[in-house]
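Structure first, commentary second.
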Amino acid sequence: MLFRSLHQRVFREALVGVDAVAALMQASPDVDRERFGSFARRLLVRYPGLQGLGYDPIVPHAERARHEATTRADGFAGYQILERGPSGDVVRAADRGVYVVAHFLEPLAGNEQALGFDIASEHVRRAALERAAAAGRPAATGVLRLVQEPGGEAGILACAPVRRAGSGGDELAGFAVGVVELHRSIDGA
């Protein structure tokens, strides 16, 4: 019973956190890393079950090179859009129509390996994104292997759609994402 109650609390925290990030990004599409980090850090303190929060914009293939170059110029040398390869390693993402890229992450320290990861490149993550976009509200994955954890720790991603401001609410700009690392949530009980 305690585990179930803890799991429900952490899950609710993740959904509230991603919904707040989605509202910020939709209301202020020009948010920079510093403002995003400040906002997200406050949420992470308030909701300790969350390991991290992020904003993952949709990057069309035609804008990939510009996106990568701009992010490298912002101080992330070697930045590129990534995916998990056949052997499970994180590699440069294959060419496809669009990417949903981990771009703003908080905390960044310890999560650098996730920066640039195309969360739509894997079925479980993509299915949650599709559910969130279709419903217009947060959705979550089942348990999956976290990208930023070298030991392949299990976790859950919650995601909420972010629509482009001024587009009539129809055009999807990206997703707010929250990460719950399961062993940290259980240990924190």
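Tell me the residue from ILE186, ILE156 that is within 17 Å of PHE11 (Cβ to Cβ), at pLDDT below 95, open to solvent by 70 Å² or more (accessible area, probe 1.4 Å) and aliphatic (A, V, I, L, M), please.
ILE186
With (1) free of Cβ contacts under 8 Å to residues at least 24 places away in the same chain; (2) not in a helix (DSSP H, G or I) as the list, and ARG35 as the residue in question, which single condition is left unmet?
(2)
Collect the residues in region 100-127 that are within 13 Å of ALA176 (Cα to Cα) and in a loop (DSSP other than H, G, I, E, B), keeping them in residue-number order.
ALA102, HIS103
Of all the residues that make up region 72-87, how many are open to solvent by 30 Å² or more (accessible area, probe 1.4 Å) and under 24 Å from ASP32 (Cβ atoms)?
Going through region 72-87 one residue at a time, the tally reaches 8.
Which of the residues belonging to region 88-131 are hydroxyl-bearing (Ser, Thr, Tyr) and open to solvent by 30 Å² or more (accessible area, probe 1.4 Å)?
SER121
Within region 74-98, count every residue that is part of a loop (DSSP other than H, G, I, E, B) and either within 17 Å of the chain's Cα centre (by Cα) or of a type outside the set (A, V, I, L, M) (or both).
Final tally of qualifying residues: 16.
Read through the list (1) under 16 Å from the mean Cα position of the chain (by Cα); (2) modelled with pLDDT of 95 or more, then give the number of the only condition that HIS61 fails.
Failing condition for HIS61: (1).
Could you check region 51-96 and list, in sequence order, the residues that are under 24 Å from GLN26 (Cα atoms), in contact with a helix residue (DSSP H, G or I) (Cβ under 9 Å, 6 or more places away or on another chain) and of a type in the set (Gly, Ala, Ser)?
Hits for region 51-96 are GLY52, GLY54.
Scanning region 40-71 for residues that are closer than 24 Å to GLU181 by Cα and free of Cβ contacts under 8 Å to residues at least 40 places away in the same chain, which turns out most open to solvent (accessible area, probe 1.4 Å)?
Ranking the candidates gives ARG46 first.
On the basis of being closer than 18 Å to ARG145 by Cα and either touching a Ser or Thr at 6+ places or on another chain (Cβ under 8 Å) or of a type outside the set (Phe, Trp, Tyr) (or both), does LEU115 make the cut?
In short, yes.
Can you name the residue in region 1-39 that is modelled with pLDDT under 90 and touching a strand residue (DSSP E or B) at 6+ places or on another chain (Cβ under 6 Å) and is also most open to solvent (accessible area, probe 1.4 Å) among such residues?
Going through the qualifying residues, I end up with LEU15.
The values are calculated or read from the model by the stated rules, or taken from the named source; none is laboratory data. The structure displayed is predicted, hence computed values, not measured ones. Backbone-built Cβ (ideal geometry, glycine too); neighbour counts: all protein chains shown. Please note that ligands, DNA and RNA were not included when accessible areas were found on the heavy atoms of the full protein model with its side chains. Shrake-Rupley method; radii C 1.70, N 1.55, O 1.52, S 1.80 Å.
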